[in-house]
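Input: a single structure, listed below in structure tokens.
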Amino acid sequence: MNDQNIPVAVAAMQVAARAKVTNYPDPFAARMAGREKRTLGDIFALTNFGVNLTKLLPGAGSALRHAHSTQDEFIYILCGHPVLVTDIGETQLAPGMCAGFKAGTGNAHQLLNRSNEEVQYLEIGDRSAGDAVVYPDDDLQAAFVDGKWQFTHKDGSPY
């Protein structure tokens, strides 16, 4: 994308939802049903960090519970009441609340929409090279290599 094609501003809800629902391999991909991401940072050609407007339908989850080794993450709840699940326990969130996940702590996290209403939130994360992700509840691990996620079983065998 050259500088002439980068907009000055956009209406976030008019940005098309990401066509690929998830990068997770089977059988985990199906667990992301009901999640929709609009990659706002990509519209502006941001390379150091990403920004997504994410929607969770009732019963949907943000991701598998995970922790990053080098990438920080931040969320801000716009509407709805998701449950934040971390190693510490569960925290009910509401519009206007935010949470941050410092890289390297090992504190795995995810949002779950256990309500009957839609949840929308902003997620912001850096795109630092060499990141690795652990998924304590699943036989899955990931490494960020050459700008792409590579998924393996915990024993290192590929999916």
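The values are calculated or read from the model by the stated rules, or taken from the named source; none is laboratory data. Nothing here was measured: the structure is a model prediction, and the numbers come from that model. Counting neighbours? That spans all protein chains shown, and the Cβs are built from the backbone with ideal geometry, glycine included. Calculation scope for accessible area: heavy atoms of the full protein, side chains included, ligands and nucleic acids excluded. Shrake-Rupley method; radii C 1.70, N 1.55, O 1.52, S 1.80 Å.
Based on alpha-carbon positions alone, could you give the equivalent ellipsoid semi-axes of the stretch 54-97 from the gyration tensor, as √(5λ), descending, whole Å?
Whole-Å semi-axes of the equivalent ellipsoid: 18, 12, 12.
Per 0.36 nm of contour for each residue apart, how much would the distance between R31 and N116 grow if the chain were fully extended, relative to their Cα-Cα spacing?
28.8 nm is the gain from fully extending R31 to N116.
For the charge dipole of the chain, defined by +1 on Lys and Arg C-beta atoms and -1 on Asp and Glu C-beta atoms about the Cα centroid, which residue among A129, P25, H68 has the Cα displaced farthest towards the positive pole?
The residue sitting most towards the positive pole is P25.
Of the residues I43, I124, I75, which exhibits the maximal mean-square fluctuation in a Gaussian network model of the chain defined by a 10 Å Cα contact cut-off?
Sorting by GNM fluctuation, first place goes to I43.
May I ask for the distance between the Cα centers of the stretch 64-83 and the stretch 25-53, given as a whole number of Å?
The two parts, judged by their Cα centres, are 12 Å apart.
Determine which aspartates and glutamates satisfy two conditions relative to K154: a Cα distance under 20 Å, and not lying fewer than 8 residues away in the same chain.
Partners found: D26, D87, D131, D137, D138, D139.
Just the number please: accessible area per residue for the stretch 69-159, 1.4 Å probe, all protein chains included, in Å².
Value returned for the stretch 69-159: 53 Å² of accessible area per residue.
Please quote Rg/Rh for the stretch 23-89 to two decimal places, taking the Kirkwood radius as Rh and restricting both calculations to Cα atoms.
Ratio value, two decimals: 0.95.
From the C-alpha gyration tensor of the stretch 1-54, pull out the three semi-axes of the equivalent ellipsoid (sqrt of 5λ each), sorted largest to smallest, in whole Å.
Working from the Cα gyration tensor, I get semi-axes of 25, 12, 8 Å.
What does the helix-only formula give at 222 nm for the chain: each DSSP H stretch with n ≥ 4 adding -39500 (n - 2.57), the total divided by the residues, and the result rounded to the nearest 500 deg cm²/dmol?
Computed ellipticity for the chain at 222 nm equals -500 deg cm²/dmol.
Let me have the relative contact order for the stretch 1-132, percent, based on Cα pairs under 8 Å that are six or more residues apart.
27
Between I43, L140, G100, whose Cα lies farthest towards the positive end of the dipole of the stretch 3-159 when Lys and Arg beta carbons carry +1 and Asp and Glu beta carbons carry -1, centred on the Cα centre?
Projecting each Cα onto the dipole axis, the largest value belongs to I43.
Quantify, in whole percent, the carbon and sulfur part of the accessible surface of the chain (1.4 Å probe; protein heavy atoms only).
Carbon with sulfur: 55 percent of the solvent-accessible area.
Starting from the 7 Å offset along Cα-to-Cβ, what nm value, one decimal, do you get for the label separation of E90 and L57?
Inter-label distance under the simple model: 2.2 nm.
Using packing as a proxy for protection, rank 9-21, 49-61, 98-110 so that the peptide with the highest average count of other Cβ atoms within 10 Å comes first.
Highest to lowest by the protection proxy: 49-61, 98-110, 9-21.
How big is the chain in terms of Cα radius of gyration and Dmax, in angstroms?
Rg then Dmax for the chain, in Å: 15.6, 47.
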